[in-house]
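Comments concern the structure below.
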Amino acid sequence: QVQLVESGGGLVQAGGSLRLSCAASGRTVSHYAMGWFRQAPGKEREFVAAVSWGSIATRYSDSVKGRFTISRDNAKNMVYLQMNSLKPEDTAVYYCSAGAAIRSTVGEYDYWGQGTQVTVSS
């Protein structure tokens, strides 16, 4: 089992920045690809970013590419999502996830955190 706990969400004005953190515990998390997803009210959960177990590869959705950066520190069992130039449409609950490989679909990830709310005001 892998336990994931997100933090760092909050309220920010458009154009601002936030850094989300995900603390992982349980099985050897460094062996997993890690991803961030988000879900806005009334919408399906969507892919945001993912990073391979060795940080060799990253993947981003088109909507956040160039604004968000995913990173991980395997020594600390942490995953981060640096979010810059935030827009109101980035408002959502953000979820950390762990899976076997970098994928952009919800079903490809085995473990999920409880989520952290990000609200961007205009």
### Message
Test of understanding: in a Gaussian network model of the chain with alpha carbons linked when under 10 Å, which of TYR111, TYR80, TYR94 would top the mean-square fluctuation ranking?
### Response
TYR111
### Task
Give the carbon-plus-sulfur fraction of the accessible surface of the chain in %, rounded to a whole number; probe 1.4 Å, heavy atoms of protein chains only.
47 percent
### Query
Between SER85, PHE47, TRP112, whose Cα lies farthest towards the positive end of the dipole of the chain when Lys and Arg beta carbons carry +1 and Asp and Glu beta carbons carry -1, centred on the Cα centre?
SER85
### Query
What's the extension gain from ALA40 to ARG103 if we count 0.36 nm per residue and subtract their Cα-Cα distance?
20.7 nm
### Query
In Å and whole numbers, how far do the C-alpha atoms of segment 74-122 stretch along each principal axis, longest first?
37, 27, 19
### Task
Quick one, can you get me the convex hull of the C-alpha atoms of segment 1-60 expressed as volume per residue in Å³?
116 Å³
### Query
Which ³J(HN,Hα) values in Hz, rounded to whole numbers, follow from the phi angles of segment 16-28 under the Karplus curve 6.51 cos²θ - 1.76 cosθ + 1.60, where θ = phi - 60° and Gly and Pro get x?
x, 10, 9, 10, 8, 10, 9, 9, 10, 8, x, 5, 4
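Multiplying the sequence separation of ASN84 and SER52 by 0.36 nm and subtracting their Cα-Cα distance, what value in nm do you get?
Result for the pair: 9.4 nm of gain on full extension.
What's the Cα-based Rg to Rh of segment 51-106, Rh via Kirkwood?
Radius of gyration relative to Kirkwood radius: 0.95.
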### Query
Based on Cβ point charges of +1 for Lys and Arg and -1 for Asp and Glu, what charge dipole magnitude is obtained for the chain about its Cα centre, in debye rounded to the nearest 20?
180 debye
### Query
Give me the log10 of I(q) over I(0) for the chain at q = 0.16, 0.22 Å⁻¹, as the Debye formula computes it from C-alpha points; what are the numbers?
-0.67, -1.27
### Summary
In order over segment 45-56: 3J(HN,Hα) from phi, Karplus 6.51/-1.76/1.60, θ = phi - 60°, whole Hz, x for each Gly or Pro, gives 5, 10, 5, 10, 7, 8, 9, 6, 4, x, 6, 6
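The values are calculated or read from the model by the stated rules, or taken from the named source; none is laboratory data. Just so it is clear, the structure is predicted and the values come from calculations on it, not from any experiment. Here Cβ is always computed from backbone atoms with ideal geometry, including for glycine, and neighbour counts include all displayed protein chains. Note: areas computed on protein heavy atoms with side chains; ligands, DNA, RNA excluded. Shrake-Rupley method; radii C 1.70, N 1.55, O 1.52, S 1.80 Å.
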